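Single-structure report; data block below.
Here, each number is a calculation from the coordinates, and none is a lab measurement. All of these numbers come straight from a predicted model, not from anything done at the bench. All Cβ positions, even for glycine, are placed from backbone atoms using ideal geometry, and neighbour counts span all protein chains on display.
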Amino acid sequence: MIVPKPRKLKNGTWFIYLRLGGEGIPISAETEKECIHLAELAKAQHLVDRKKQERKPRQKKTDITLTQAIDKYIEKRKNLSPSTLRGYRIIQKNYFQDYMKKPLRSIKDWQAVYDSEVHRLKPYTMKNAWGLIKSVYKEETRQTMPEINTVAPTREDRPFLDTSELKAFMAAVEGKNCEIGALLALHTLRVSETLDLSWEDIDLKKKLIRVHGSVVPGEDNKLKSKKTNKNDTSRRYVPIFIPRLEELLKQNYGDDKPVCRYKTPNGLFKAINAVCEENNLPEVGNHGLRHSIASLMVLQNIPEPVLQALGGWKDSNTVHKIYTHISNRDLNKEVEALTAFFSKT
């Protein structure tokens, strides 16, 4: 067996540097003969190991299961956000369980796969789950999944506070541990953005909040800090326009606690809803407060581009579809004004 010729080092030992399978292996011994022998043994063992590896049966494409195909799909996407990865794993571990261990290419009745979950999942959850399955199928088979009958997702209206309820909430939350978190939500911050805030992000002189990162649960359900937000437009500066928030930030600026006193999204959500429940208000959570301030901006005739920039929304369609509801009570006020006008004529 041919190996490189050994060379004698200054300390008297003999040395060979082998390259086996792209890996460098140093061999040293006290004599030239022993060094050659050890190198031959290392090379022979490498050849044996390589043959064993080659003899291992390779899994045929037809054998790969749905859950293994999801693993492959995820592994190819190294830059997935922690929250997206967590969402994929939830789908993989909890949905379509009658089919996850079946060979992907053996599944013919995709309508049955869809129907196995459609009646127990909320429409948008089902949409996301099925979207992953379709993407995995297309990537693995290089074919588009056969057409099936699906249920059109319907977006549920999120509860929010109208103008009078918003004033009641502001009074009720004063002095509570969740007050800063709630007021940040009323400055359009998402809960993931609120939890990421540090005192360095607060500029009291300019009355600005820098929003440039987020905290989200990862695959292991542990919170992870990201340097990015939900989308590019989410990186923004938000003016402090509620005097009470400015007052609280001045009182607490630079202390050893986080800006928001809660470490988890659920903690802040529950605290806000507890205040709502105690005061007979809709339980809106952090996101409902963000929704509420957007609706108030619409009523205040804030221009749409300004509203979109303040909230960090990617496009105006999102604003139109989700955040520009006007409550019946506020709508009635406008109608009353119209009635009053025509009553005078």
Which whole-number percentage describes the relative contact order of region 62-141, with Cα contacts under 8 Å and a sequence gap of 6 or more?
46 percent
Subtracting the Cα-Cα distance of T264 and I242 from 0.36 nm times their residue separation yields 5.5 nm
Starting from 0.36 nm per residue, how many nanometres of slack lie between Q111 and S81 once their C-alpha separation is accounted for?
7.8 nm
With an 8 Å Cα cut-off and a minimum separation of 6 or more residues, compute the relative contact order for the chain in percent.
14 percent
What's the FRET efficiency of D71 with K51 using the Cβ-Cβ distance as r and R₀ = 30 Å, to the nearest 0.05?
0.60
Square roots of 5 times each gyration tensor eigenvalue, C-alpha, the chain, largest first, Å
59, 31, 16
K122: which lysines have alpha carbons under 19 Å from its alpha carbon, excluding same-chain residues fewer than 8 sequence positions away?
K93, K134, K321
Size of charge dipole - the chain - debye, nearest 20, with Cβ of Lys, Arg +1 and Asp, Glu -1, no other charges
1920 debye
